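*Asks:* Structure in structure tokens, see below.
The values are calculated or read from the model by the stated rules, or taken from the named source; none is laboratory data. Just so it is clear, the structure is predicted and the values come from calculations on it, not from any experiment. Here the Cβ is made from the backbone with ideal geometry for all residues, glycine too, and neighbour counts use every protein chain on show.
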Amino acid sequence: MDCKRFEPLLEDCLGGALIESTRLEAEEHLRSCPACRLRLKVVEDCRTLNEEDEVPVSFIEGYRERIMKEETLPEKKTTKLTRWLAVAAAFVFVAGGTILAGRNRINNAPDPAAPPESGYATESDTSMRGAGEMYASVPDMADAPMSSAAGKQASAEEQTEKIIRTVQLELTTRSFSKDYDVIRETVLASGGRIQEANLRIGYGDLRTAYMTLRVPVGKLDALTASVKDAGRLVSFNESAEDVSEQYADVTMRLQTQKTKMERLQALLLKAESVEDLIAVESGISDTQYEIDRLTGQLLGMDSRVEYSTMNLTLRELSAAQTSQDKEETLLERIRNGIAAAWKTFSDILGDLAVFLTVALPYLLALAVIILVIRTIMKRRKK
Amino acid sequence: MSSDHQVRVLRFEQLAAPLEKQVYFTCLNMMGNHEDAEDCAQEAMLRAFRRLDSFRGASKFSTWLYAIAVHVCLDELRKRKTTYSLELLRESGWDVPDTAPELYEQMETKERRRKLRDAISLLPPEFRAPQVLVDLQGLSYQEAAQALGLPLGTVKSRVSRARQALMKTLLDNGELFGHEDRLNDERRGN
């Protein structure tokens, strides 16, 4: 037997588990090999190395106490739960930040349709009173195609019939800014003016414009027809108020006052005493006041007759409501849906990028704090 | 303390209490001093308690527990980054004098143990771990391989090398031949 054969038998040799013939061989080898004799003795000593050592009580008490305090869930489960919580918290943090960034983007973006004052408010109500304040010369009435009965009346008997026309329209649209511009351009091009325009941003950042337009009576029908095409018509209402009688009455009263004035002026020339003079002057003053008042009434009525009022509401639709916008084919609806979804997606990506950029310094600071805390905790554990 | 926790503690104590002494000694032989051994043994017991649910009975509980203890010690030793000489592990170029085993035997048991401990502490941790499990804790090579997650052949060769290195340290440091006077005195005493 040599050392290589002996070594694997060492354990059995110590335990006395060798069969007789092998034992004899092993003993013979041991007699001639001091290295294996020493090896055997060393391993034998190793087996009893700790025989006399005592286990400190502090270890036994210490580990039991630590186990008792280990009230929390098993390490693995706790780690898992903590990880999920951390992931959820991170998600909420990033999503919340993205939404906030998105809100800022919407609020800060200059709206092409909205007046600049409406910039920072989610809900704005801004008047554009006086916008396009230009009274175009009264257009040629013959050019305008007339459709309604009231229109024809106004055209044919313009000198005698005094009709005030009012149109109320409600439209919905998905391309709000574009349609708003189209309406505005059309009104201004036809010689009309925007008397009032209010913009309101409601739920889901959807906009609604309330407009009061003044349109030359001759262009009203043409304008109504073209505006109807801008979006989808939801409601339409037209009224015609005949003020001919009232107009004639006021004209008569004005005439009477004018005649009275002429007479008073003739009397003034003939007045001899101071008392008469004063009485006539007072009469003239009153009459002049009455003439001015009646003339103003007539001019007001003329203006309302010549420029019809159009109350228009333009409501923006969300991407999900595309089917309500105009009459669309299935393909168009799908295309619009995809476009809307892509826009939302790219908006969210942009918002996310903005948020992460803004939050980066804070995230870095947070990471450093967490690292420091973890290091301290680890050291304490030890 | 919740009843669930109490049940866990009781179960762990039933399994681990008979082995606490051996866990401590495994750590003592790995670390070489009582202070570090106590820290590592406590950490090992706590780690085992936390992972009790992951013990599936694929090995003996004692093997599983020693494995945790050895790994706690190895982690700790790695952190310290002590450099160990690999010179001891060279097989060639050394010779055991005929009288060496007898001289070794003649030393006092206490002294022999002290020298052996010192020699073990000089082994690189990767060799120390299998040697401690096999020679000191009496695990089979198979169990040691399982505990350390190493192939059986690797464990066998590492244990063999570690034993050689222990012998070499005892010889090189003159433990057996450097104190002739003392040994002679002892012989006379006997």
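*Asks:* What residue, of A:Thr295, A:Thr313, is closer than 30 Å to A:Ala339 by Cα, polar (S, T, N, Q) and modelled with pLDDT of 90 or more?
*Replies:* One residue alone meets the criteria, A:Thr313.
*Asks:* Of the residues B:Leu133, B:Leu139, which single one is in contact (Cβ under 8 Å) with a residue 12 or more places away in the chain, closer than 17 Å to B:Ala69 by Cβ, within 12 Å of another protein chain (Cβ to nearest Cβ) and outside any helix (DSSP H, G or I)?
*Replies:* B:Leu139
*Asks:* For a quick check of your reading of the model, give me the residue pairs whose first member lies in the stretch B:1-27 and is in contact (Cβ under 8 Å) with a residue 60 or more places away in the chain, whose second is among the β-branched types (Val, Ile, Thr), with beta-carbon atoms closer than 7 Å and at least 6 apart or on different chains.
*Replies:* So the pair list comes out as B:Thr26/B:Val70; B:Thr26/B:Val132.
*Asks:* Of all residues in the stretch A:242-275, how many are in contact with a helix residue (DSSP H, G or I) (Cβ under 8 Å, 6 or more places away or on another chain) and not aliphatic (A, V, I, L, M)?
*Replies:* Within the stretch A:242-275, residues that are in contact with a helix residue (DSSP H, G or I) (Cβ under 8 Å, 6 or more places away or on another chain) and not aliphatic (A, V, I, L, M) number 8.
*Asks:* On the basis of being away from chain A (no Cβ under 14 Å) and modelled with pLDDT under 85, does B:Glu102 make the cut?
*Replies:* No: the conditions fail for B:Glu102.
*Asks:* Something else: Restricting the first residue to the stretch A:202-223 and requiring it to be hydrophobic (A, V, I, L, M, F, W, C), which pairs with a second residue that is crowded, with 23+ Cβ neighbours inside 10 Å and assigned to a helix (DSSP H, G or I) meet a Cβ separation below 7 Å and a spacing of at least six or different chains?
*Replies:* Matching pairs, first to second residue: A:Ala209/A:Tyr180; A:Leu213/A:Val187; A:Val215/A:Val187; A:Val215/A:Leu223; A:Val217/A:Ala154; A:Leu223/A:Val187.
*Asks:* Further, regarding this structure: Condition first: more than 13 Å from the chain's Cα centre (by Cα) and surrounded by 19 or more Cβ atoms within 10 Å (Cβ to Cβ). Can you find one or more residues in the stretch B:79-96 that meet it?
*Replies:* So far as the stretch B:79-96 goes, yes, one or more of its residues are more than 13 Å from the chain's Cα centre (by Cα) and surrounded by 19 or more Cβ atoms within 10 Å (Cβ to Cβ).
*Asks:* Just the residues that are in contact with a helix residue (DSSP H, G or I) (Cβ under 8 Å, 6 or more places away or on another chain) and not charged (D, E, K, R), please, taken from the stretch B:42-57.
*Replies:* Once the filter is applied, which keeps residues that are in contact with a helix residue (DSSP H, G or I) (Cβ under 8 Å, 6 or more places away or on another chain) and not charged (D, E, K, R), the stretch B:42-57 yields B:Gln42, B:Ala44, B:Met45, B:Leu46, B:Ala48, B:Phe49, B:Leu52, B:Ser54, B:Phe55.
*Asks:* Out of the strands (runs of 3 or more DSSP E) lying entirely within the stretch A:190-308, which hold 3 or more residues that are out of contact with any Lys or Arg (no Cβ under 8 Å at 6 or more places or on another chain)?
*Replies:* It comes to A:207-216, A:232-242.
*Asks:* Here is a follow-up. What is the residue count in the stretch B:1-33 for residues that are of a type in the set (Gly, Ala, Ser), over 12 Å from A:Tyr63 (Cβ atoms) and facing chain A (nearest Cβ under 10 Å)?
*Replies:* Residues meeting the conditions: 1.
*Asks:* Return the residue satisfying two criteria in turn: it lies in the stretch A:53-68 and is at the interface with another protein chain (Cβ under 8 Å from one of its Cβ atoms) and out of contact with any Phe, Trp or Tyr (no Cβ under 7 Å at 6 or more places or on another chain), and of such residues it is nearest to B:Lys115 (Cα to Cα).
*Replies:* The selected residue is A:Pro56.
*Asks:* Hey, another quick one. Please go through the stretch B:34-70 and pick out each residue that is more than 12 Å from every other protein chain (Cβ to nearest Cβ) and under 30 Å from B:Asp172 (Cα atoms).
*Replies:* B:Val70
*Asks:* Tell me, which residue of the stretch B:6-27 that is surrounded by fewer than 17 Cβ atoms within 10 Å (Cβ to Cβ) and over 27 Å from the mean Cα position of the chain (by Cα) is nearest to B:Ser62 (Cα to Cα)?
*Replies:* Filtering first and then ranking leaves B:Arg11.
*Asks:* Restricting to the stretch B:71-87, and then to whatever is more than 14 Å from every other protein chain (Cβ to nearest Cβ) and modelled with pLDDT under 85, can you tell me which residue is farthest from B:Glu38 (Cα to Cα)?
*Replies:* Going through the qualifying residues, I end up with B:Glu87.
*Asks:* Residues of the stretch B:105-125 being in a helix (DSSP H, G or I) and more than 9 Å from chain A (Cβ to nearest Cβ), which ones?
*Replies:* B:Gln106, B:Glu111, B:Arg114, B:Lys115, B:Asp118, B:Ser121, B:Pro125
So that you can scan it fast, the table gives a plain yes or no per residue for (1) surrounded by 13 or more Cβ atoms within 10 Å (Cβ to Cβ); (2) aliphatic (A, V, I, L, M); (3) in contact with a Cys (Cβ under 6 Å, 6 or more places away or on another chain):
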site: A:Ala266; (1), (2), (3): no, yes, no
site: A:Leu269; (1), (2), (3): no, yes, no
site: A:Tyr289; (1), (2), (3): no, no, no
site: A:Gly296; (1), (2), (3): no, no, no
site: A:Gly300; (1), (2), (3): no, no, no
site: A:Glu316; (1), (2), (3): yes, no, no
site: A:Ala340; (1), (2), (3): yes, yes, no
site: A:Phe345; (1), (2), (3): no, no, no
site: A:Val354; (1), (2), (3): yes, yes, no
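*Asks:* Now for a different question. Being buried (at least 18 other Cβ atoms within 10 Å of the Cβ), over 60 Å from the mean Cα position of the chain (by Cα) and not β-branched (Val, Ile, Thr) is true for just one of A:Asp45, A:Asp12, A:Asp53. Which residue is that?
*Replies:* Going through A:Asp45, A:Asp12, A:Asp53 in turn, the sole match is A:Asp45.
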